[in-house]
Amino acid sequence: MQEEISVPVGKTGVGGWRGLTINLQRVLGILMHQDRRFARVKPSGSLSRSGKIIVDPKSPVITCSVVDYSAGGACIEIAPGTSLPKRFELLYAGTKKKCHVVWVKGARLGVAF
């Protein structure tokens, strides 16, 4: 269900505007509310933060650090200057997942499975 937002505006005098009101809390609540499809898990305890990126069988594996992990994707961190293709396999906690890069911010990458 989408709420409508009314913005009453009235003209006064010569070219002046008054009465411009927007309920910012309501607007921000609509714009900022976003349900996650999967819960994120930060590796702790018995899980290692270390993962391996497999580009292809003949290339050497690339070591990475797993920042968070969920059923739909992960946030990983690689060494600066390392280049990766858009698609690769992530080996983490004994599971190999085919993934693709969704976003990049510095040395961190968001991947979807």
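The values are calculated or read from the model by the stated rules, or taken from the named source; none is laboratory data. Bear in mind the structure is a predicted one, so any value in this text is a computation, not a measurement. Counting neighbours? That spans all protein chains shown, and the Cβs are built from the backbone with ideal geometry, glycine included.
Scanning region 94-113 for residues that are within 16 Å of Thr63 (Cα to Cα), outside any strand (DSSP E or B) and touching a strand residue (DSSP E or B) at 6+ places or on another chain (Cβ under 8 Å) yields one hit, Ala107.
Conditions (1) free of Cβ contacts under 8 Å to residues at least 60 places away in the same chain; (2) exposed (fewer than 12 other Cβ atoms within 10 Å of the Cβ); (3) not small (Gly, Ala, Ser), marked per residue:
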residue: Ala74; (1), (2), (3): yes, no, no
residue: Ile78; (1), (2), (3): yes, no, yes
residue: Phe88; (1), (2), (3): yes, no, yes
residue: Gly94; (1), (2), (3): yes, yes, no
residue: Cys99; (1), (2), (3): yes, no, yes
residue: Lys105; (1), (2), (3): yes, yes, yes
residue: Gly110; (1), (2), (3): yes, no, no
residue: Phe113; (1), (2), (3): yes, no, yes
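Among the residues of region 68-93, the ones that are under 17 Å from the mean Cα position of the chain (by Cα), in a strand (DSSP E or B) and of a type in the set (Ser, Thr, Tyr) come to 1 in all.
Only residues that are modelled with pLDDT of 90 or more, within 13 Å of Tyr92 (Cβ to Cβ) and either part of a strand (DSSP E or B) or charged (D, E, K, R) (or both) were counted across region 37-67, and they come to 11.
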